[in-house]
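The values are calculated or read from the model by the stated rules, or taken from the named source; none is laboratory data. Owing to the predicted nature of the structure, the values given are computational and were not obtained by experimental measurement. Reconstructed Cβ throughout: ideal geometry from the backbone, glycine too, with neighbour counts over all protein chains shown. The accessibility values were calculated without ligands, DNA or RNA, using every heavy atom of the protein model including side chains. Shrake-Rupley method; radii C 1.70, N 1.55, O 1.52, S 1.80 Å.
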Amino acid sequence: MTTALLSTLLMNSLVTGLVYALFASGLTLVFGVMSIVLFCHGAVYMLGSYTFYHLFRTWELNYLLSIILTMAATGCLGLILERFFFKKVEYAILPSLFVAAGLTMIIEQSAMLGFGTLPRSVHSPFVGIIKVLGGIVSVERLAVMGIAIGFIVLLMLSLDHTKTGRAIRAVSQDVQVASSFGINPTYMYAGSCFIGCVMAGAAGALMAPIYGLSYSMGEPWLMKGFMIIIIGGLGSIPGSVIGGLILGVIESFGMFYFGYLSSSFIFIAVMIILILRPKGLMGHAD
Amino acid sequence: MQIKVFKVIALLCCLVFVFLIPLFVTQLYWLHTFTMFAIHAMLALGLWLIVITGQVSFGQAAYMGIGGYASALFCKELGLGLFTTILAGGVVAGLLGLSFGYLTLRVRGAYFFVLSFAFAEIVKVLMRSIRKDILGGPNGILDIPHPTITIGALNLSFVSETGPNTSLYYWLAMACLVITILLVWFITRSRFGRELRGIAQSDDLAESLGINVFRHLLVTFAIGCFIAGVAGAIQSYNFTMVTSDWMEVGHSIDQLSWVIVGGMGSIGGPIIGAFILTIIGELLRAVGAYEPIFSGATLVMIMLFLPGGLISLRVPKFSTLLGIFKRLSRAISFTSGGSSGNRKQSS
């Protein structure tokens, strides 16, 4: 095996891994704060991709502007989800799971009827390739990687250094103590749902030029997101970054060397990690 | 005492009625749908047994598929009889559940939920990619022969000249469903079942009372997987095939939704949920591509407006109905009188 091949595989796994991390950080944030499994995260990702497609290709807006508008749109969807669905079932884990599963069915089928079954593609504004250590990487993927890193760092910084971010973290640690300090948990639930869906929308917009669009693109991502947050520990954003990178590496290298069988490797990794460390790599024992 | 006797007689009448259905339902389509309901109800009951301990399994479809694969292999490769293979399918699924549970039942809540899902995916991928000569790869095992059973002098064949004998499959599935209901009912009524409910409320409390929580969870999980395996084995005979598509996530969601929509409060919940959703699913075939939208909306509506499931709907007593009717009629006469008076004044 040559260095060129190794470097190509590694760069590819880094790109997909970081976008996985972006997607899963929303999932893990929502789980940490509201302790519900956001089962419609994959559908939100799919809607994000289609929104980006229409903004960027049909309306021909600027690339970055399209991404930001997509994020705003999916964020509003997150607010609607929180206000009209999860709040109604009082954030109980199983009912919210089923509400979200039902919504996923509705959204995916409506997307199939509305957007059609044919897969679509968007052209990236970035063209050309660069050679890194002999391996070939497209500029497009490097740009996606940079944007994904930017969003993750922005999320972490805002959770650590803004007042709202600290309040969200307080609610995720202990709702009752946080509300005794004058934090309204309802606003923080809405906020975390907003941020979670923004992250899914960003991942969808970033991945649209690379993987293309189809109405059923969300489901595998949802499953991968579950695996990532379990590896990293539920509720931990650094954990989801690590989990995303692990998944990216396992996927690229496994698919290259073992083919279809490799899609079970991530599950085996999850089982091993959970048996050794039941709370995930970065999870807290509670 | 009298009420008890009455209840038992009513239940027996229901049972006789259920078993007589093939004599007057002549449409094979609906008979097949009822067979599917029996299989679905068994799956829902097995899952319900696991869920009442507080562990939500998201991978029951895998155990069902394994039961189907095992019985198909025993039937085709070893040539064993119907009941042996069904039991063997259940046992294989139960053993798989036992080994998975032994590794993972110490974690609870969302972790177990996701782990059970991960395991189901591993099983699915393995079934698709290993030993393609026996397991058939993505196609699965096809052409499982229709069985023939001998009870005393009676020789029953599950296939006739015109096609598979749907009534016999219906009776087989219903008989297994009745046995499953009795099994689950005895488990929940026993001391063991009461201890399970205690575990669901608090692990630590149950442990302090001398209950071996892990062992209880393990036994329950294995029984639930056994039931799923038996259901899968029956379905594999009924469809004369078994594929790894049975282990898709959608089927695990279906099984959970039968339990949730029916309600977890009592044993009737999963059965009612399986019945209603199976029938609705068949009726919704008329709307074609809109079917997932309707079933998704059903799920959302029931979760939002009927959180206890369908079982929490109580049939009101006759006296309350009478009272409501009286009040309603009074209100109607009052409003109609009032409005007619208003109309006169305004004109």
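Below is a table of values for the structure above.
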| item | result |
| --- | --- |
| Cα gyration tensor, the protein assembly as shown - rounded (a/c under 1.5), prolate or oblate | oblate |
| Global size of chain B as Cα Rg and Dmax, reported in angstrom | 23.8, 89 |
| Solvent-accessible area per residue for region B:225-281 (1.4 angstrom probe, square angstrom) | 24 |
| Heavy atoms of B:W171 accessible to a 1.4 Å probe, total area in Å² rounded to 10 | 80 |
| Part-to-part distance (alpha-carbon centres) for region B:22-51 and region B:98-157, which is given in Å | 19 |
| Separation between Cα centres of region A:245-261 and region B:165-182, rounded to whole Å | 45 |
| Protein accessible area in region A:2-148, 1.4 Å probe - carbon and sulfur % | 70 |
| Charge context of B:D133, other residues only, Cβ under 13 angstrom, K/R +1, D/E -1 | +2 |
| Tensor-based shape of region A:88-157 (alpha-carbon gyration tensor, a/c under 1.5 rounded, otherwise prolate or oblate) | oblate |
| Listed residues B:L156, B:L313, B:L31 arranged by accessible area, highest first, probe 1.4 Å | B:L313, B:L156, B:L31 |
| Charge dipole of the protein assembly as shown about the Cα centre (unit charges at C-beta), most positive-ward option of A:G17, B:G308, B:Y69 | B:G308 |
| Residues in region A:217-238 occluded by at least 10 Å² - accessible area, probe radius 1.4 Å, against chain by itself | A:E219, A:M223, A:F226, A:M227, A:I230, A:L234 |
| Coil-residue GluC sites (Glu not before Pro) of region A:81-172, DSSP, other Cβ within 10 Å capped at 11 | A:E90 |
| q = 0.10, 0.11, 0.12 Å⁻¹: log10 I(q)/I(0) that the Debye formula gives for region A:3-276, counting C-alpha atoms only | -0.50, -0.61, -0.73 |
| Options A:L38, A:L118, A:L97, ranked by Cα towards positive dipole end of region A:13-135, top entry (Cβ charges) | A:L118 |
| Degrees separating the helix A:163-173 axis from the principal Cα axis of chain A, which is the longest one | 80 |
| Positive-end residue of A:G26, A:G75, A:L6, charge dipole of region A:3-276 with Cβ unit charges | A:G75 |
| Of the DSSP H helices in chain B, those whose Cα atoms cover at least 27 Å axially and whose Kyte score averages 0.5 or more | B:2-24, B:28-51, B:82-104, B:110-129, B:166-189, B:213-239 |
| Cβ-placed point charges (K, R +1; D, E -1), dipole of chain B about Cα centre in debye, nearest 20 | 1580 |
| Region B:93-161 - charge dipole about Cα centre, Lys and Arg +1 at Cβ, Asp and Glu -1, debye rounded to 20 | 440 |
| Region B:1-149: C-alpha gyration tensor shape, a/c 1.5 cut-off, then a/b vs b/c | oblate |
| Nearest-ten-degree value, helix A:41-53 long axis tilted from longest Cα axis of chain A | 60 |
| Using alpha-carbon coordinates, inclination of helix A:63-81 to the longest axis of chain A, degrees | 30 |
| A/B buried area, accessible surface, summed, 1.4 Å probe, Å² | 3300 |
| Neighbour cut-off at most 11 other Cβ (10 Å), DSSP loop, chymotrypsin sites (Phe, Trp or Tyr not before Pro), region A:166-243 | A:F181 |
| Å² of accessible area per residue within chain A, as computed with a 1.4 Å probe and no ligands counted | 42 |
| Check: the protein assembly as shown dipole with +1 on Lys, Arg Cβ and -1 on Asp, Glu Cβ, in debye | 1700 |
| Region A:190-240 versus region B:195-271: alpha-carbon centroid distance in Å | 29 |
| Heavy atoms of B:R131 accessible to a 1.4 Å probe, total area in Å² rounded to 10 | 140 |
| Heavy-atom accessible area ranking, 1.4 Å probe, most first, across A:Y20, B:Y29, A:Y53 | B:Y29, A:Y53, A:Y20 |
